[in-house]
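This report refers to the structure that appears directly beneath it.
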Amino acid sequence: QVQLVETGGGLVQTGDSLRLSCTASGRAASMYAMGWFRQAPGKAREIVAAISRSGGNTNYVDSAKGRFFISKNNAKNTVYLQMYSLRPDATAVYYCAAKDTSGDRTVLEYDYWGRGTQVTVSS
């Protein structure tokens, strides 16, 4: 079983950049497809970006395309979410998730979750 810990959240201003990190322990991150989700106050959790086991395949929600970038360093057991040109609508708790998969593909459903890191974008 893998444990996930997110770091890097904080309070930023509109237009700023921020990089979130999620470090896996217990099992190698190379065993897992991983993803970043977010949940804004009063809203359902939504997927933001997903990445395959190797890091070679990625997918993004439309609102993140071109501004958010997911990457994976299996040697460091870490997945990142680099966010540029942040807007107030990005304010949410961001969660890292993982799923043990047999192929090198992105997935929509996950088995393991971190506790989240708060991102607040002020206007």
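The values are calculated or read from the model by the stated rules, or taken from the named source; none is laboratory data. A quick note: this is a predicted structure, and the numbers were derived from the prediction, not measured. Glycine also receives a Cβ, built like all others from the backbone with ideal geometry; neighbour counts cover every protein chain displayed. Keep in mind that these areas ignore ligands, DNA and RNA; they rest on the heavy atoms of the full protein, side chains included. Shrake-Rupley method; radii C 1.70, N 1.55, O 1.52, S 1.80 Å.
When the convex hull of the Cα atoms of the chain is projected onto a plane and the area is averaged over all directions, what value comes out in nm²? Numbers along the way, then the final one.
Details: hull surface 26.9 nm².
Average projection, Cα convex hull of the chain: 6.7 nm².
Taking trypsin sites (Lys or Arg not before Pro) as exposed when DSSP calls them loop (any state but H, G, I, E, B) and at most 12 other Cβ atoms lie within 10 Å, what is the longest stretch of the chain free of them, the sites themselves excluded? Answer - 66-114.
For region 20-70, dividing the convex hull volume of the Cα atoms by the residue count gives 95 Å³ per residue. Computed from the C-beta positions of residue 100 and residue 13 and an R0 of 35 Å, the FRET efficiency is 0.35 to the nearest 0.05. Its residue count N fixes a reference of 2.2 N^0.38 Å for region 48-120, and the Cα radius of gyration divided by that reference is 1.10. Enter the Cα centre distance for the pair region 3-40 and region 71-92, rounded to the nearest angstrom. Rounded to whole Å, the Cα centres lie 6 Å apart.
For region 37-103, applying the loop criterion from DSSP together with a ceiling of 16 other beta carbons within 10 Å to the chymotrypsin sites (Phe, Trp or Tyr not before Pro) yields 84.
Share of the chain's accessible area from carbon and sulfur, percent, 1.4 Å?
Working: 2840 of 6180 Å².
Of the solvent-accessible surface of the chain, carbon and sulfur hold 46 percent.
Once the other residues with Cβ under 11 Å from the Cβ of residue 39 are scored (Lys, Arg +1; Asp, Glu -1), what is the net sum?
Details: positive: 38, 43, 45; negative: 46.
Spelling it out: positives minus negatives among the neighbours equals +2.
Using the Cβ-Cβ distance between residue 43 and residue 85 with R0 set to 22 Å, the FRET efficiency works out to roughly 0.60.
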